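First up is the structure itself, then whatever we jot down about it.
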Amino acid sequence: MAPSLDPLLRPRTIAVIGATSRKESLGGKITARLFDAGFTGRVYLVNPKQESVRSTRCYKSVLDVPEKIDLALIIVPLAGVLQAVAECLKHGAKAICIITAGFGEIGAEGKALQEKLAAMCREAGARLLGPNCMGAVNNSPAVALDSTFSPSPTLSGPLGFASQSGSLGCAVINLCEERGIGFSQFVSIGNKVDVNENDLLEAWENDDEVPVITLYLESFADADQFLEIARRITPKKPIVLVKAGKTAAGAKAASSHTGALSAGDTGAEALCRQAGIIRADSIGEMLDAALILSRCPLPEGRRVAVLTNAGGPGILAADALAENGLELPPLAEETRSRLRAILRPDASLANPVDMVASAGPQQFRQCLEILLDDPNIDTVMTITVTPPLFCGVYETILEMLPAFRAAKKTAIAVAMAAEEFYGRARTIEGLPPVFHQPEDAAKALARVVAYAERRRLPQRTVRTIAQDDAAIAKLLAKQSARGGGYLPADDTFRVLEAAGLRVAPWALVDTPQDAVREARRIGYPVVLKANGEAIVHKSDIGGVALNIKDDAALEQAIATMRAKLAAAGHAPDTWNLFLQAFRPGGREVIIGSSRDDSYGPLVMFGLGGTFVEVLKDVKFGLTPTAREDAEEMVRSIRAIKILTGARGQAGVDLDPAIEAIEIVARLVREHSSIVELDVNPLLLYPEKGKAIAVDARIRVK
Ligand code: ADP
Ligand code: MG
């Protein structure tokens with residue numbers, strides 16, 4: 001196990017290598033921040049060229065510092081970093097934080113240097129944060145550490161935040177201020193040669209000072225490990241992630257940015273889905289979701305009541321809530337009569353409740369309390385607009401405060417007010433989540449509701465699937481020994497059978513005589529397929545003949561296929577005859593697998609058959625894959641209704657598809673020589689237990 005992060009996050013002694021009184025330099029800013037934050041431990045400044053900085057003595061070298069240090073902050077120019085780190089380690093530093101940039105994000109030379117530094121730290125049993133990072137903040141009163149060069153202090157609050165981008169860190173601090181939310185810990189991980197997001201997840205897993213985890217990532221240090229840790233955490237506390245590099249362009253920018261290679265978005269999407277992570281599209285949206293998560297109980301369901309004093313914003317809210325999959329049910333009769341008793345006759349008691357512009361702060365509070373009592377409602381959203389004559393937004397929020405604080409349900413506020421309001425409101429103790437616009441509130445609420453729903457479900461676990469690994473390994477090794485490539489049809493089906501997949505009875509033969517014998521054994525009707533190394537899409541070249549009913553038809557089909565394949569340029573000695581039981585009437589799906597540099601072996605599910613490439617209606621999943629993960633993949637394809645039944649067609653049994661995904665996931669995870677696998681199609685039927693695989697390809701390295 002790697003040494004603890006305590007010396008980094010809860011140091012008692014810090015040395016600042018490169019401290020300076022030049023206010024505009026990084027060293028100057030960090031030194032100032034460290035002092036201003038009121039660090040509860042001891043700080044030692046190191047700079048051979050200065051006597052003192054901020055009335056504090058400067059040491060010529062860290063080796064002169066009179067006690068052992070927990071954390072060394074390295075801010076010296078690139079050329080001096082190696083020596084600085086070496087000296088700090090020699091002096092017993094348990095954590096090193098390298099703020100200096102110019103490493104892996106620049107090129108190969110910088111990459112080699114950062115790896116050398118990581119190795120030095122590892123050997124010394126010290127942790128390394130960065131390089132190319134912005135430092136760390138721990139707002140716990142017991143620590144009060146701020147080693148960043150942010151121009152303003154970070155607000156204290158409930159969030160743990162790990163950021164792969166340092167400069168973004170500064171912007172985040174501003175976005176937090178706008179919302180009145182803050183951090184308990186903030187760690188800029190930079191090039192993450194040692195300390196990465198996984199370390200922080202583990203550090204925060206059981207830290208009560210971090211009830212909500214937020215992350216900005218451009219790549220995953222180890223996606224496998226991330227999935228495992230996040231799966232464990234999300235049933236206990238929420239993780240909200242912004243993963244940049246979604247698009248090809250974004251991925252390219254991200255990779256040149258921190259030197260990390262990011263792969264498309266399918267992997268990240270699957271990772272969040274399977275780990276129960278809340279995915280946000282921007283830092284602002286991440287903080288919006290975090291605001292609700294940290295200030296309200298989790299919503300019990302999707303039903304929202306909207307309370308407003310203006311029609312327009314109420315309609316906007318209703319649209320936004322519905323668009324995000326939330327519901328605005330009618331209010332209970334008792335709720336309506338209680339509201340009627342206090343509101344003007346022209347008020348609307350539907351949902352949204354429009355109290356009309358004459359409503360004052362007291363009515364807002366009373367109505368909020370009444371709506372919170374409604375058994376049909378899980379969340380109440382108040383929308384306060386400044387009507388010039390009647391009441392101020394600030395006064396209204398203040399009046400409602402006791403009701404918000406006492407709420408046993410999720411209660412959020414939208415304040416369509418001037419920026420000045422937010423400046424005043426932020427300082428209010430026990431403020432509910434307050435949003436500028438109903439759309440932002442609806443989006444954030446929808447994310448929280450989805451998380452809450454997931455958290456109520458039993459925890460997902462990957463079940464053990466028995467497969468004949470010895471037999472499978474032998475078959476795969478045979479092809480690898482030939483230099484890799486696609487397995488022949490017979491071995492392909494043998495592998496799938498050994499893995500536990502149901503495949504249609506088959507035989508591989510060379511002559512028409514053998515074909516007739518085997519077809520009788522399998523039982524007519526049969527299917528004839530051409531099997532050859534150079535034949536990829538069999539039906540395209542006349543290499544598939546379906547529904548062959550007897551010996552004579554089979555001999556005829558063989559002759560026809562030989563003619564067609566010869567015409568397509570396949571010499572008779574380059575392919576042989578693959579016979580298979582004919583299973584008509586199934587719905588075709590594809591189960592696939594490929595390998596990704598960042599995410600490892602992936603599984604894929606989609607509607608199969610000829611149109612799979614055109615429709616691209618597929619879902620990817622990460623391995624290992626739990627049954628629920630597989631089921632979610634199946635149920636989230638766009639055309640799911642084609643499988644569950646539409647327009648008078650009966651639905652098919654989906655269980656075999658779900659199980660096939662689990663089987664393939666287990667297979668490709670265990671056998672790393674498989675680089676690509678396709679079962680296309682797996683045929684699904686309304687009848688239970690009838691599903692069967694009729695075509696497949698496996699490519700090994
Ligand atoms: P390829 O994909 O190489 O063209 P397939 O073996 O997938 O060849 O066959 C093409 C199509 O023929 C399948 O998508 C399926 O519709 C149908 N088919 C193939 N084998 C069977 C079978 N055993 N029973 C029923 N239909 C089949
Ligand atoms: Mg096929």
Extension reserve of the R627-E334 stretch, reckoned as 0.36 nm per residue once the Cα distance is removed: 101.1 nm
Relative packing of peptides 500-509, 597-606 - highest average C-beta neighbours within 10 Å first: 597-606, 500-509
Estimated FRET transfer efficiency when R0 is 60 angstrom, pair D655-S55 (beta carbons, to 0.05): 0.25
Length added when fully stretched, D510-R635, from 0.36 nm per residue minus Cα-Cα: 40.8 nm
Spin-label pair D222/D36, simplified geometry with 7 Å Cα→Cβ offset, distance in nm: 3.8
Approximate spin-label separation A552-D281, in nm, with each point projected 7 Å along Cα-to-Cβ: 6.5
Extension reserve of the S152-S358 stretch, reckoned as 0.36 nm per residue once the Cα distance is removed: 70.0 nm
Unsatisfied cross-links (Cα-Cα over 22 Å) in the set K243/K409; K68/K192; K474/K616; K116/K192; K474/K688: K243/K409; K68/K192; K474/K616; K474/K688
Fraction of accessible area attributable to carbon and sulfur, segment 1-139 (%, probe 1.4 Å): 54
Two-site FRET efficiency, K478 against L82, from Cβ-Cβ distance with R₀ of 45 Å, rounded to 0.05: 0.35
Protection proxy ranking, peptides 94-105, 39-50, average beta carbon neighbours within 10 Å, highest first: 94-105, 39-50
Å³ per residue enclosed by the Cα convex hull of the chain: 187
Residue-normalised accessible area of the chain, expressed per residue, 1.4 Å probe, Å²: 42
For the chain, calculated [θ]222 nm from helices alone, where every DSSP H run of n ≥ 4 adds -39500 (n - 2.57): -12000 deg cm²/dmol
Förster radius 56 Å - calculated FRET efficiency between S672 and T427, Cβ distance, rounded to 0.05: 0.50
Check: the chain dipole with +1 on Lys, Arg Cβ and -1 on Asp, Glu Cβ, in debye: 580
Positive-end residue of A534, A452, Q556, charge dipole of the chain with Cβ unit charges: A534
Backbone N under 19 Å from the R502 label point (7 Å along Cα→Cβ), restricted to segment 509-526: 522-526
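The values are calculated or read from the model by the stated rules, or taken from the named source; none is laboratory data. As the structure is a computational prediction, the values presented were derived from the model and not from experiment. All Cβ positions, even for glycine, are placed from backbone atoms using ideal geometry, and neighbour counts span all protein chains on display. Please note that ligands, DNA and RNA were not included when accessible areas were found on the heavy atoms of the full protein model with its side chains. Shrake-Rupley method; radii C 1.70, N 1.55, O 1.52, S 1.80 Å.
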